[in-house]
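First up is the structure itself, then whatever we jot down about it.
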Amino acid sequence: MNELLVFVCDGAPVRGEIVSISTAWQAVLERRNDPPVVRRILGDFVGAATLLSASLKFDGTLIIQAQSKGPIQLLVVECKSDLSMRATVKLSVDPSEISPNATLGDLLDASNSGRLVITLDPSEREPGQPPYQGIVALQQHRGGKLTPVASAAEAIGLYMQNSEQLETRIWLTSNDSNIGGLLLQRMPDSGGHTHLDPQTAAEGWTRIQTLGETITDEELITLPPETILRRLFLEESTENGVRSFPPRKIRFSCRCSRNKVADVLRMLGEEEVQGILEEQGIVETICEFCAKPYRFDAVDCLQVFKTDLLSDATRPPSSGH
Ligand SMILES: [Zn+2]
């Protein structure tokens, strides 16, 4: 099951999403070798990325990045509006040094250097127009004290609070075979198709949240979205109406290419690349998202810098043949 289900409530100003990811998530994991605690955090963020990108109003990519000076130096999940996704983690320590009981706060140094960056990048961006980016620290005020966030869901909640005008609740869970997630979002009381008086709307939002809170991690990770929707909102559906849209497919897909690697080599510069060639005979790199290897030998590298070589004034004119 790699599915995302969107639903709307007729008796409450609520739009919801339920996600269940299995083989697409396994495709991410089989290319990686992260410790279990790191996989849990990555899985939760993959769930979050699919939930957030399903509400993108444009064709583009949603990127979740968590970065810190802790053991997880960088975590990146990218999900396009067609729900194709890829994910990677960069650790600053050897995986064996990570405690099996480490929390998200420990791994992402949430009390100090940890940051969550969410970028919305439209595929048809005007030249010079920057992508939308929101950044939050991974800690929040609780009882007059700053506390590190405990989970990906909490981190995303914090971001939503800071950047979205719409109240949002999110539940996430993952293991090595599945990811499950639920998102509830309060829509504006007026406008769109909703026409609820303020009191009915407020009560409706509270009622749907209360129903959402009854979800267990076990249900979220084992049941198909349709079953979760039926179980959670059966009474709501009968009494007030809950409508769902055809489920959307989620898949793993990497956007790496030989051309993009060539661009990286150009950025490194010819001198640097020549140095690697002299030392290793070949320039080799592995895509950090899908582990696909890319190899450039001396002839390939020459090709990469061909334009520069030709424009080089010191180079004798080509004899041509
Ligand atoms: Zn790749």
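The values are calculated or read from the model by the stated rules, or taken from the named source; none is laboratory data. Since this is a predicted model, take the numbers as computed values, not measurements. FYI the Cβ positions are ideal-geometry reconstructions off the backbone, even for glycines, and counts take in every protein chain you see. What goes into the accessible areas is simple: the full protein's heavy atoms, side chains included, and nothing from ligands, DNA or RNA. Shrake-Rupley method; radii C 1.70, N 1.55, O 1.52, S 1.80 Å.
Separation of the stretch 70-128 from the stretch 207-268 is 19 Å, based on Cα centroids.
Within the shell of other residues whose beta carbon sits under 15 angstrom from the beta carbon of residue 130, the net charge comes to -2, with Lys and Arg scored +1 and Asp and Glu -1.
Place a point 7 Å from Cα of residue 249 in the direction of its Cβ. Which residues in the stretch 10-43 have their backbone N less than 20 Å from it? Taking a point 7 Å out along Cα→Cβ of residue 249, the residues of the stretch 10-43 whose backbone N falls under 20 Å are 18-29. When the pairs 69/249; 90/145; 57/292; 80/292 are compared against a 27 Å limit on Cα-Cα distance, 69/249; 90/145; 57/292 fall above it.
Based on the Cβ-Cβ distance of residue 257 and residue 135, what FRET efficiency does E = 1/(1 + (r/R0)^6) give at R0 = 35 Å, to the nearest 0.05?
Working from the Cβ atoms, E equals 0.75.
When cysteine pairs in the chain are screened for C-beta atoms closer than 4.7 angstrom, the residues that find no partner are 9, 79, 301. Rounded to the nearest 20 Debye, what is the dipole magnitude of the chain about its Cα centre when Lys and Arg each give +1 and Asp and Glu each give -1 at the C-beta? Magnitude of the dipole: close to 240 debye. Stokes-Einstein diffusion for the stretch 241-281 at 10 °C, viscosity 1.306 mPa s, with a Kirkwood radius from C-alpha pairs, works out to 112 µm²/s. Would you please classify the overall shape of the stretch 135-208 from the alpha carbon gyration tensor, given that a ≥ b ≥ c denote the square roots of the eigenvalues, rounded means a/c under 1.5, and beyond that prolate means a/b larger than b/c while oblate covers the rest? It is oblate, given that a/c is not under 1.5 and a/b is not larger than b/c. Placing one equal scatterer on every Cα of the chain and applying the Debye formula, the log10 ratio I(q)/I(0) at q = 0.08, 0.14, 0.15 Å⁻¹ is -0.45, -1.13, -1.25. For the options 166, 42, 138, a Gaussian network treatment of the chain with springs between C-alpha atoms closer than 10 Å singles out 166 as fluctuating the most. At a probe radius of 1.4 angstrom, the accessible area of the stretch 48-122 per residue rounds to 38 square angstrom. In the stretch 120-274, taking the dipole from charged Cβ atoms about the Cα centre, the farthest positive-side position among 183, 159, 127 is held by 127.
Work out how much length residue 303 to residue 101 would gain on full extension: take 0.36 nm times their residue separation and subtract the Cα-Cα distance, in nm to one decimal.
Numbers: separation 202, 0.36 × 202 = 72.72 nm, distance 4.92 nm.
Taking 0.36 nm per residue and subtracting the Cα distance, the gain is 67.8 nm.
Compared with the alpha-carbon gap, the fully stretched path from residue 213 to residue 94 is longer by 39.1 nm at 0.36 nm per residue. Applying a DSSP loop filter and a limit of 12 other Cβ atoms within 10 Å to the GluC sites (Glu not before Pro) in the stretch 168-260 leaves 213.
Heavy-atom accessible surface of residue 263, to the nearest 10 Å², is about 80 Å², with a 1.4 Å probe and all protein chains retained.
For the chain, the 222 nm mean residue ellipticity estimated from helices alone, with every DSSP H stretch of n ≥ 4 adding -39500 (n - 2.57) and the total spread over all residues, rounds to -10500 deg cm²/dmol.
Which percent of the accessible area of the stretch 35-114 is formed by carbon and sulfur heavy atoms (probe 1.4 angstrom)? List each step's numbers first, then the result.
On the way: 1410 of 2920 Å².
Carbon and sulfur: 48 percent of the exposed surface of the stretch 35-114.
Based on protein heavy atoms only, the stretch 170-253 ends up with 54 Å² per residue of surface accessible to a 1.4 Å probe. About its Cα centre, the stretch 112-256 has a charge dipole of approximately 460 debye under the convention of +1 per Lys or Arg Cβ and -1 per Asp or Glu Cβ, with nothing else charged.
For a straight C-alpha distance cut-off of 15 angstrom, the aspartates and glutamates reachable from residue 306 (same-chain residues fewer than eight places away being disregarded) are 263, 270, 271, 297.
Sorted largest first by accessible area at a 1.4 angstrom probe radius, with every protein chain in place, the residues 1, 267, 85, 187 fall in the order 267, 1, 187, 85.
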